[in-house]
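Encoded as structure tokens, the structure appears first; notes follow it.
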Amino acid sequence: MRDQLLLDAATVESLLKAAVAAPSIHNTQPWRFRLDRDRQVLEVHSAPERTLPLTDPTHRAQYLSVGAAVFNLRLAAVHQGWRPEVRPLPDPHRPGLLAAVRLTGPLAADDQPCDPGLYEAIARRHTSRMPFTGRPVPEPIVAEMTAAAHAAGARLHLPDIAGTRRLLRLTAAAEARNHAHPDRTTETRTWLTAPGADTPYGIPITALGPPDAAGRMPMRDFTGAVPALSRPARWFERHIQLALLWTPHDRREDWLRAGQALQYVLLTATAHGLRTSLLHQAMEWPDLRTATAPPRHRRCHPHVLIRFGYGPEGASTPRGTAQSTA
Ligand SMILES: Cc1cc2nc3c(=O)[nH]c(=O)nc-3n(C[C@H](O)[C@H](O)[C@H](O)COP(=O)(O)O)c2cc1C
């Protein structure tokens, strides 16, 4: 009975729909799914044609994105009553196979059920690049986000005011370097799409936000300073709330773990009515990435900055169909 349900195309489709709703760098959606019906496994493969050779030469950001998709897949499987078993990088002879999610059977009575709030947050979560209100996020919510990162095998660092300024300064330095690097600027702009564009990949111009009138918030400028594309500046929140996601190791499996943790944190925030956006620029320059590690944190490998708070919802972005081959 369970196998029949599993093999039902609509069921598989709903798992994949959840998976691809994950955030990905520049909305590249650098994944491809393959269903192995006999083994009840959904394989997640790399889509090398949707990677960023200049921005992400090590593919770390790609793995973060794939990890986020795997987390959604896991949540959706549990939501459907299945127990998912995730194997990162399951076959050393198939380097493009980044993860395998096996549905080992129905959830048992003592299994952790799916948190409905978290599952529903998958569809509601969008990156919001607009100014937030600055209203402080209550400590219990921040603690839940921190616990989520921890549960997924990563860590969340909440900087104090001086630490926040330091992270913003490093991000601004990275943003300036990106601007001074014409090839990187071109690569980024390639992933910006016009309204109504005939592609499910990349970021529609309508999902971008304004630059900060005060120059304190170094949001990524996807437009490459083409004046016709950028929006008028606005004032961003004075009280900027940031979290740094990091792992104690820096291997490919850690990147996948960090991606799952990222999505767990983002969905926890979304379930509590928060908005989020990501600042990844400093991670794209090795010296700046190292410098984002908090002082006195040994073995800290930073992955991304999460900006969170209350504010307007972000615009939704398109997704490609998650092709699965039987
Ligand atoms: C690893 C990673 C890095 C990202 N870096 C940035 C960033 O530096 N600036 C930004 O505005 N968005 C960043 N994003 C958000 C993506 O642009 C966003 O997820 C994608 O456009 C899909 O939109 P959505 O999050 O609204 O679904 C990043 C996402 C991931 C997974």
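Of everything in the stretch 218-256 that's among the aliphatic types (A, V, I, L, M) and assigned to a loop (DSSP other than H, G, I, E, B), which residue is nearest to the ligand (Cβ to nearest atom)?
Narrowing the stretch 218-256 to residues among the aliphatic types (A, V, I, L, M): 219, 225-226, 228-229, 233, 240, 242-245, 256.
Still in the list and also assigned to a loop (DSSP other than H, G, I, E, B): 219, 225-226, 228-229, 233, 240.
On the way: 219: 6, 225: 16, 226: 17, 228: 20, 229: 14, 233: 16, 240: 15 Å.
Of everything passing the filter in the stretch 218-256, 219 is nearest to the ligand (Cβ to nearest atom).
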Next item on the list: Kindly list the number of the only condition in (1) within 26 Å of residue 136 (Cα to Cα); (2) touching a residue at least 12 places away in the same chain (Cβ under 8 Å) that fails for residue 215.
Entry: (2)
Notebook entry, point to check: Hey, does the stretch 178-186 have a residue that's more than 24 Å from residue 24 (Cβ to Cβ), of a type in the set (A, V, I, L, M) and buried (at least 16 other Cβ atoms within 10 Å of the Cβ)?
Noted result: no
Notebook entry, point to check: When the stretch 267-280 is examined, which residues are found to be near the ligand (Cβ under 9 Å from one of its atoms) and either crowded, with 24+ Cβ neighbours inside 10 Å or hydrophobic (A, V, I, L, M, F, W, C) (or both)?
Noted result: 276, 278, 279
Note to self: If I filter the stretch 192-200 for residues that are buried (at least 18 other Cβ atoms within 10 Å of the Cβ) and in contact with a helix residue (DSSP H, G or I) (Cβ under 8 Å, 6 or more places away or on another chain), do I get at least one hit?
What the structure shows: yes
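Does residue 185 qualify as being in contact with a Gly (Cβ under 6 Å, 6 or more places away or on another chain) and either over 19 Å from residue 132 (Cα atoms) or within 14 Å of the ligand (Cβ to nearest atom) (or both)?
On the way: in contact with a Gly (Cβ under 6 Å, 6 or more places away or on another chain): yes; either over 19 Å from residue 132 (Cα atoms) or within 14 Å of the ligand (Cβ to nearest atom) (or both): yes.
Judged against the criteria, residue 185 is a match.
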Next item on the list: Could you tell me whether residue 164 is β-branched (Val, Ile, Thr), more than 16 Å from the ligand (Cβ to nearest atom) and either surrounded by fewer than 20 Cβ atoms within 10 Å (Cβ to Cβ) or not in a loop (DSSP other than H, G, I, E, B) (or both)?
Entry: yes
Margin query: Suppose we filter 264, 310 for residues that are crowded, with 22+ Cβ neighbours inside 10 Å and either in contact (Cβ under 8 Å) with a residue 24 or more places away in the chain or within 13 Å of the ligand (Cβ to nearest atom) (or both); which single one remains?
Written below: 264
Notebook entry, point to check: Out of 272, 297, which single residue is touching a strand residue (DSSP E or B) at 6+ places or on another chain (Cβ under 8 Å), in contact (Cβ under 8 Å) with a residue 12 or more places away in the chain, of a type outside the set (A, V, I, L, M, F, W, C) and over 28 Å from residue 320 (Cβ atoms)?
Noted result: 297
Notebook entry, point to check: For the stretch 281-307, what are the residues that are within 16 Å of the ligand (Cβ to nearest atom) and hydroxyl-bearing (Ser, Thr, Tyr)?
Noted result: 292
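Return the residues of the stretch 281-307 that are among the β-branched types (Val, Ile, Thr) and surrounded by fewer than 21 Cβ atoms within 10 Å (Cβ to Cβ); say none if nothing qualifies. Working first, answer last.
From the stretch 281-307, those among the β-branched types (Val, Ile, Thr) are 290, 292, 304, 306; that's our starting set.
Correct list: 290 only.
We did not get these values from a lab; they are worked out from the coordinates using the rules stated. These numbers were taken from a predicted model, which means no experiment stands behind them. When we count neighbours, we look across all protein chains shown, and the Cβ atoms used for this are built from the backbone with ideal geometry, even at glycine.
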